[in-house]
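Data block below; observations after.
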Amino acid sequence: MTETAASDVLGVIEQWPAHEDTRAARRFGVDRLLRWLATLPGATWQERWQNSPAPVLGHQWPDALASWLTDQGDRLRTKALRSGLLVLVVADVIRPDAEFLLLVVRSRHWQDEVLRNRDPDGFARLKAASDPRTLASPSGTLALTQVAVILLLKGGGVADITVGDCLELRSVELVVLRRRSRGRALFYTMLKKSGLFPAVAPATLRAFNVYSGQLSAGQLVDRYDLQCRPVRDLIVDYLAERQPALDYSSFDNLARTLALNFWKNLEIDNPGIASLHLAPDVVATWKKRLQTKVVRRRAPDGSATEVARSRGHYLNQLGFVRAFYLDIAQWALEDPARWAPWAAPSPVSSNEITYTKHLHHRKARMDQRTRERVPVLPALVRVAAQRLRDAQTRLAAVKTTKAGSEFVVLGETYLKLNSKNRRDIDSSFCVLDTNGHKHHLNHAENRAFWGWAAIEFLRHTGVRIEEMMETGHHSITQHRLPTTGEVIPLLQIAPSKSDRERLLVVSPKLADVLSATISRVRGSDGAVPLVPFWDRLEKVWLPPAPLLFQWYSNGEHRAVSVKTIRAAISEIWTDVGMTDAAGQLLDFQPHDFRRVFATEAIMNGMPPHIAQLLLGHQDINTTMGYKAVYPEEVVNGHRAFIARRRAAASQRGVPDTDRGGVDRVPGSLRAAEGRAG
């Protein structure tokens, strides 16, 4: 069409269905644009368009015709010109670049015209493979518009779109629009689900531009911009040797320790350092720096301050560095040419990394943390349930309120705002309170539900948060007792840290949580949707699965992130408002539920080896380390011992010195007290 005569172009466009007023505006716009382009150099309409000043003006491109229209005796009819450009682009008479289209495509009229006149069958197949709820949402409209833009840029039909076309569009959007707009990755998901992309293509566009996967040893080290290139290369080679024996999380931790906590710290204090032979004063300065780190602490009033705190993994850091030196010394015997030049005495001696005292201190901290949180766990559970009920009440109220109207719920007054969806202005869940603060009641209800669900799931199972996030609909199974035929519901926990799969009995309360979660995430077809999951420890995308912890966001089903769960629990805990003995606001981390579960299970009679199997520990000492010793347990045990001793003494006829009166204090102690007086 780019070489077609102007009269023929007008003839084709006249055949397109449109309202008479719209047809007249298009006729004017197309006629004036083609007559103006005819005055410019070029053999085709496309060449003339590229040689015009319009492409560089973006959304203000009609201004390029202003003076020419005045000379023709016409006025500048901007809307008609825009309508004319729309049909010229859709008819493939001219093909603007991506930057220009992203600036001018601001209405769904572009999508509608492409759908009707370019590839109606392709769009029909795409819609048939998509969730109707998604298509009706603003994100669905945006996704179809993005597909239309790709057709305008590349030509062809929907079936001709490739993964590279999607990546190219998103890269241009990030530059031109200068924002990571929510919902702008949905178009890729729709195309993928329709079967247009090969099976090896990732399930979500976020696999390309948000979470990039595992990094190589060189990429991990280069995050810290080491100045000494030979040492940088040495650390990279060392990591490459160690990588086969490590999971990615441990590999990343080792790279951070050697590159950042070890060598980068040495370069900061000793510019120009280039040898592993370290002087005693250099080693002392480095160890002093390594012992502390700066953290942000939040006060009860919400303010945050930076404080220096002892590094909890200080001995582990020393152990990594010592292993680094010892490994190089050992490898120097096997491959002298590569490793011998770097062999040096270790700056960390074996006496410095004895873990006995460290483990005792860590056990004491863990026990104290657990003792502080067990008594307030019922309050946390109660507040989580109440927050969910309140959030659901507010959401139900806003759904029945007209846009622009005030409503009162739970004693609070809100003003409902208009929706951005012109087809249904009452669909907004955004409100203003009496102080003018904006609230998204649907988002608040989402956070309240998942905070409640996470708390209940974690406290009834004792699983790690990574295991909870990977739990799917297929994880719920049944076991029939061979003796009685009774059916026992079980929850299958996928292997995580210890790579040991295990089964947990589903309690009635846990069953209620699972039922509420499944009912919430079911799709329109009644099945739990398959969603991809990002393993944040291994930095890989897991295949789509019917995860329980998923939600519908921006037109697609996504796995709930660990960050979202932590934030939801933190919001609930803030409402509880408990402080420790020092007046600091307590926090409740997901792993605290695991320690509480172990403590309560063992103290309520569960054999430790059974608790070990439920928690998935390889060593029973780890399980016993999770059990916090309570003062009540010590007091009761000591009282029982005293009672037994008194009974034994009574049988032997020995005076009872544990009863009240002067006999409770030995005479020698009374004499000493008298002399002191």
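Of note:
- Surface share of carbon and sulfur [accessible, 1.4 angstrom probe, percent] for the chain: 52 percent
- C-alpha center-to-center spacing [segment 74-126, segment 373-400] in angstrom: 48 Å
- Summarising the label geometry, the points placed 7 Å from Cα in the beta-carbon direction at L490 and S349 lie 5.4 nm from one another.
- Acute angle (nearest 10 degrees) that the helix 441-461 long axis makes with the longest principal axis of the chain, alpha-carbon atoms: 30 degrees
- Amide H partners (placed H, <5 Å) of V531, local residues excluded: A545, L547
- Rg and Dmax [Cα atoms of segment 134-240; Å; Rg one decimal, Dmax integer]: 18.8, 58
- Label-reachable residues, segment 341-384, where backbone N falls under 15 Å from a point 7 Å from D269's Cα toward its Cβ: 347-349
- The angle between the Cα long axis of helix 667-676 and the longest principal axis of the Cα atoms of the chain comes to about 80 degrees, rounded to the nearest 10.
- Quarter of Cα convex hull surface for segment 88-167, i.e. mean projection, nm²: 5.1 nm²
- Around the Cα centre of segment 533-630, unit charges on the Cβ atoms of Lys, Arg, Asp and Glu (plus for the first two, minus for the last two) sum to a dipole of about 200 debye.
- Per residue, the chain exposes 52 Å² of accessible surface when a 1.4 Å probe is rolled over the protein heavy atoms with every protein chain present.
- Residues of segment 16-60 with an amide N closer than 14 Å to a point placed 7 Å from the Cα of T78 along the Cα-to-Cβ direction: 58-60.
- Cα convex hull of the chain, projected area averaged across orientations, nm²: 51.1 nm²
- For the chain, the longest principal axis of the C-alpha atoms and the axis of helix 138-154 are separated by about 50°.
- For the chain, a simple Cβ point-charge model (Lys and Arg +1, Asp and Glu -1, everything else neutral) yields a dipole of about 1960 debye relative to the Cα centre.
- Note, ³J(HN,Hα) from phi for segment 25-38, Karplus 6.51, -1.76, 1.60, rounded to Hz, x at Gly and Pro: 5, 5, 4, 5, x, 5, 4, 5, 5, 5, 5, 5, 5, 5
- Amide H contacts of L490: T477, Q478, H479, V506, each under 5 Å away and 5 or more positions distant or on a separate chain (H built 1.01 Å from N in the peptide plane; Pro and chain starts excluded).
- Estimated from helices alone, the mean residue ellipticity of the chain at 222 nm is -16000 deg cm²/dmol (sum of -39500 (n - 2.57) over DSSP H runs with n ≥ 4, per residue).
- Segment 1-158: radius of gyration over Cα atoms, expressed as a fraction of 2.2 N^0.38 Å: 1.06
- With N as its number of residues, segment 501-607 has a Cα radius of gyration that, divided by 2.2 N^0.38 Å, comes to 1.34.
- Note on the chain: dipole from Cβ charges, positive end direction compared against P543, P532, I572; the farthest Cα belongs to I572.
- Residues in segment 604-619 carry Karplus couplings, in order, of 9, x, 6, x, x, 5, 6, 4, 4, 5, 5, 7, x, 7, 7, 10 Hz; the curve used is 6.51 cos²θ - 1.76 cosθ + 1.60 with θ = phi - 60°, and Gly or Pro positions show x.
- Cross-link partners for K288 among the lysines, with Cα-Cα distance under 16 Å and sequence neighbours closer than 8 places in the same chain left out: K264.
- Its residue count N sets the reference 2.2 N^0.38 Å, and the alpha-carbon radius of gyration of segment 583-624 equals 1.32 times that reference.
The values are calculated or read from the model by the stated rules, or taken from the named source; none is laboratory data. For clarity, every value in this text was computed on a predicted model and none was experimentally measured. No Cβ is skipped: glycine too gets one built from the backbone with ideal geometry, and neighbour counts run over all protein chains shown. For the accessible areas, the whole protein counts, side chains as well, though only heavy atoms, and no ligand, DNA or RNA atoms are used. Shrake-Rupley method; radii C 1.70, N 1.55, O 1.52, S 1.80 Å.
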